[in-house]
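The values are calculated or read from the model by the stated rules, or taken from the named source; none is laboratory data. What you are looking at is a predicted structure, and each value in this text was computed from that prediction instead of being measured. Positions of Cβ are generated from backbone atoms using ideal geometry, with glycine treated the same way; all protein chains shown enter the neighbour counts. Surface areas here come from the heavy atoms of the whole protein model, side chains and all, with no ligands, DNA or RNA. Shrake-Rupley method; radii C 1.70, N 1.55, O 1.52, S 1.80 Å.
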Amino acid sequence: MRGLIVLIVLGLGFTAAPQVHAAALDGNVQATAADQTRELLSEGVKLYRVGRYDESALRLRDALLLEPENRLVYEFYLAMGDVLLMKMMERAELEPVMKDVLRKARVYQSSLRNDPRYIRLLIEKLRASEKERLAATTELVAIGPIAVPHLIERMADTRQDDYRVWSRMVLTRMGYRAVIPLTEALNSTDGRLVASVATILADIGDTRALPKLQQLVTDAETEETVAQVARNAIATIAATAGVVDISDPSLLYFQEAMRYFRDGDQVRDELIANESLIWRWDEDAQPRLVYTRVPRYSWNELIAEELLFDGMRHYRDFVAYHPLLAAVHAAQDVEARLRLRLAKERTDSAARPEETAEALQQRVDALAEMVDRVGMAGPSHLYRAVQQAIVSERYDVASYLMTVLRDRWTADADALLPQKEEGLMAGKAGTVLVAALDHPEKRVRYAAAVTLAYLDPKLEFFNAEKVVPLLSEAVGEWGMQAVLVVEPDYRHRNTAREQLMQQGMLVFTAGDGFEARSRLNETPVKDAIIIAGDLTPSLRDEHGEVIDVPEQTAAGMLEVLRADPRTENTPIFIALPEDAELANQVQTAFDGKVDGFVSKPFNGVEMKGRVEAAIGDAELPQVNREERESISLAACKALGVIDPVRTQYDLTEAAAALTATAENRADEIRIAAMTSLGHTGVASSIDRITEVYRSQAAVLATKPAVRAAFLYAIGLLDPTTESAKDILLAALQAEEREVRLAAAKAIEHGATITDADRYDYQVQQRLDVLGAGAGEE
């Protein structure tokens, strides 16, 4: 096979110099750098074979110092074979240089395998000798999905039946990696090609092809011959996979789209196998099956979107598509925005081009109108989209959707929320919003409370009494500790959540390292992370072999977290297994590498004590601090939009939490909190507010907007105290118009101000404008 690949590389127009022996190079100043590189690489292998490993490493390093083209190193790789080179890398003396050799070879191999000319030449070899055909087949299978369009075109060539046969064999051997592009090829108008593709999909036996195949069967425009082939393919796949109900293609599309939206081990495996490609059939293109490489982080949502639009195109009366599409659109937008925020603070280089701030900004810009598309789903579908996001544990998406629902005209709350006496009603779309007030995840509860505050409906709805208490809790959320627990056992995971929440902590959970990365992307605030020491690999390839990626194990996850700017300084703990012997092994392996250990079954008091002891002065990235305060800010603003005159909410319940924000908080939060505090009308808060105002007079003098917010609160709470009056008199003479206006408005709002006090204000502020406008110089 290696000989065939070399011949094809040469056939692409590249030239390779013949092998040169050392004797021929002695004293030959005309020897090229390429000749020298080949000789040094050859010498390196010879020295390895006689056990002179240090000298072998030096020769190989000398070869790389000549900066050879990657093609040349790839030729060396083909000549020596992967087995030999991997054995060489097992030697400690050779490992560093062999990594560099293999890296250069694989870079060239990757570029070669992406070259259409190379793929077409391999396909030509399918008609050659049996040995060449076997080698070409193996290489085409290794190339994977991007070879599918070229193989499909050869299958469509009615003049060459042998190509069709061999192309079909290659695609069948490619297996599950070819399923998504093959399924897209079923959109061809060529009935013979569609039948051939359906037969290949039957041979592969992958259930992902079922929605499209079943749609072909039910489509009146499908030729009967093609429909029969599709029926046979469905029966074969169903029998292979043990699928029972495949009668409703509209439901099959929905179920597949939901699977991609929810993500998981299988979807991540597909992402790797399909190289983050999205496929579309275009009759005017050549080849007609075209692909676009998309950001890896959005691949699953984009696949779900393709399935939903395909389903809606054929089954427009299936209403469940619309809520899921809204959730999928929301997921795309929120994912890109969160990643951009993190990228802007990143101090190291991005691992992939799509993770750079520039690439993410480009994606965010492209998605600028996505929120419009989400809103276009309409109220009923949006409520159900929230439900699907919550059930799928996509809490970031649920929060985004609830943000869209804050528009009173969109939400139609008075019609769609359940009345107080009705309780939770499945027939009312808005039930999900009031039910979310009781959700175990605080993020969901807070988002629901904020949304219901913005809606402030006339309807007395079920659970309304929980809105203000939840907002009050959220106002103080900035001081709560957030902990991420990575635990594969759902029982231990649930116990950890319950135990830590009882200790007043905000808890995020993940079943594996991949889900943990998603949780970090959703909400980067993490004061501490607890990882199960017995975390075991769950992601496997098509042969059932474990895929070697760091997120699969506790040690690998620790390495990933320490390299991430968001978590490099975050305290990390290892949860010890219940088995004493295994726990001892895990503790020995991680001793000195983490901030501590916790035992199973989880105990909230123990975990909180260890977390608090380790947090200390741990420095969080700016994005974490911003995320932390955004919860409090959103709650403060929500309390401020409630109409204190007509609302059914009892705003007085929020007074204490809002008063506590007066000191040592971000300016934006204090401004929103003081506005909302004034609306509560709780006069007993005035002494604390005036006390803070006086103690921070020097600071507030430089922050007119914050000072104006304090004055607004004073005017609505009680402007008649001596401290309040002194503050207002001084503020009326401030340099900034904003402050003077706020003081005047406070006096205007103060219904209990006496006429005597009003006289004092008027005297101090009397405008001497006798001569203004007289027209005399």
Filter result (crowded, with 20+ Cβ neighbours inside 10 Å, in a helix (DSSP H, G or I) and of a type in the set (A, V, I, L, M)) within region 288-332: Ile303, Ala304, Leu307, Leu308, Leu324, Leu325, Ala326, Ala327, Val328, Ala330, Ala331
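Only one residue in Gln36, Gln30 is open to solvent by 80 Å² or more (accessible area, probe 1.4 Å) and either modelled with pLDDT under 90 or assigned to a helix (DSSP H, G or I) (or both), so which one is that? It would help to see each step written out before you state the result.
Values: Gln36 fails: open to solvent by 80 Å² or more (accessible area, probe 1.4 Å).
Within the list Gln36, Gln30, the selection yields Gln30.
Would you please name the residue that is surrounded by the most Cβ atoms within 10 Å (Cβ to Cβ), looking only at residues in region 613-643 that are among the acidic types (Asp, Glu) and at pLDDT 75 or above? Before you say what the answer is, go through the steps one by one.
Taking region 613-643 as the starting set, the residues that turn out to be among the acidic types (Asp, Glu) are 617, 619, 626-627, 629, 643.
Now narrow it down to the ones that are at pLDDT 75 or above: 629, 643.
On the way: Glu629: 17, Asp643: 10.
Among them, the one singled out is Glu629.
Keeping to region 391-403, report how many residues are open to solvent by 20 Å² or more (accessible area, probe 1.4 Å) and not hydroxyl-bearing (Ser, Thr, Tyr). Explain how you work it out, then say what you get.
Step one: list which residues in region 391-403 are open to solvent by 20 Å² or more (accessible area, probe 1.4 Å), which gives 391, 393-394, 399-400, 403.
From what's left, not hydroxyl-bearing (Ser, Thr, Tyr): 391, 393-394.
Going through region 391-403 one residue at a time, the tally reaches 3.
So, in region 249-287, of the ones that are touching a His at 6+ places or on another chain (Cβ under 9 Å) and part of a helix (DSSP H, G or I), which residue ends up surrounded by the fewest Cβ atoms within 10 Å (Cβ to Cβ)? Walk me through it before giving the result.
Narrowing region 249-287 to residues touching a His at 6+ places or on another chain (Cβ under 9 Å): 249-250, 253, 287.
From what is left, the residues that are part of a helix (DSSP H, G or I) are 249-250, 253.
Details: Pro249: 23, Ser250: 20, Tyr253: 28.
The residue in question is Ser250.
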Qualifying residue in region 381-400 (condition: touching a Pro at 6+ places or on another chain (Cβ under 9 Å) and modelled with pLDDT under 95): no
Pair list, Cβ < 6 Å and 6+ apart or interchain, from region 437-451 residues that are within 13 Å of Val468 (Cα to Cα) to residues that are open to solvent by 10 Å² or more (accessible area, probe 1.4 Å): Leu437/Arg445; Leu437/Lys466; Arg445/His439; Arg445/Leu470; Ala447/Ser399; Ala449/Leu470; Val450/Ala634; Thr451/Arg406
When residues of region 759-774 are limited to those that are open to solvent by less than 100 Å² (accessible area, probe 1.4 Å) and not in a helix (DSSP H, G or I), the one nearest to Arg707 (Cα to Cα): Val769
Qualifying residue in region 211-233 (condition: surrounded by fewer than 20 Cβ atoms within 10 Å (Cβ to Cβ) and closer than 23 Å to Gly175 by Cβ): yes
Test: residue in region 537-556 that is within 21 Å of Ala613 (Cβ to Cβ), out of contact with any Leu (no Cβ under 7 Å at 6 or more places or on another chain) and at pLDDT 85 or above: no
Among residues of region 702-758, those that are closer than 20 Å to Gly681 by Cα, open to solvent by 10 Å² or more (accessible area, probe 1.4 Å) and not hydrophobic (A, V, I, L, M, F, W, C), counted: 13
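Is it true that Leu122 is part of a helix (DSSP H, G or I) and open to solvent by 40 Å² or more (accessible area, probe 1.4 Å)? Quick ask: steps written out before the conclusion?
Numbers: part of a helix (DSSP H, G or I): yes; open to solvent by 40 Å² or more (accessible area, probe 1.4 Å): no.
For Leu122, the condition - part of a helix (DSSP H, G or I) and open to solvent by 40 Å² or more (accessible area, probe 1.4 Å) - is not met.
Identify, from the list Arg384, Arg406, the residue that is closer than 24 Å to Gln332 by Cα, open to solvent by 30 Å² or more (accessible area, probe 1.4 Å), assigned to a helix (DSSP H, G or I) and touching a residue at least 40 places away in the same chain (Cβ under 8 Å).
Working: Arg406 fails: assigned to a helix (DSSP H, G or I).
It is Arg384.
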Residues that are open to solvent by 60 Å² or more (accessible area, probe 1.4 Å) and either in contact with a strand residue (DSSP E or B) (Cβ under 9 Å, 6 or more places away or on another chain) or in a loop (DSSP other than H, G, I, E, B) (or both), drawn from region 39-65: Val50, Arg52
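Could you tell me how many of the residues in region 492-504 are surrounded by fewer than 22 Cβ atoms within 10 Å (Cβ to Cβ) and either touching a strand residue (DSSP E or B) at 6+ places or on another chain (Cβ under 6 Å) or outside any helix (DSSP H, G or I) (or both)? Spell out how you get there, then give the answer.
Pass one, region 492-504, residues surrounded by fewer than 22 Cβ atoms within 10 Å (Cβ to Cβ): 492-495, 497-499, 501-504.
Among the residues that remain, those that are also either touching a strand residue (DSSP E or B) at 6+ places or on another chain (Cβ under 6 Å) or outside any helix (DSSP H, G or I) (or both) are: 493, 497, 501, 503-504.
Number of matching residues: 5.
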Of all residues making up region 136-156, the number that are farther than 22 Å from Arg192 by Cβ, touching a helix residue (DSSP H, G or I) at 6+ places or on another chain (Cβ under 7 Å) and open to solvent by 10 Å² or more (accessible area, probe 1.4 Å): 2
Candidate set: region 549-575, residues that are within 13 Å of Val594 (Cα to Cα) and hydroxyl-bearing (Ser, Thr, Tyr); chosen: the one surrounded by the most Cβ atoms within 10 Å (Cβ to Cβ): Thr570
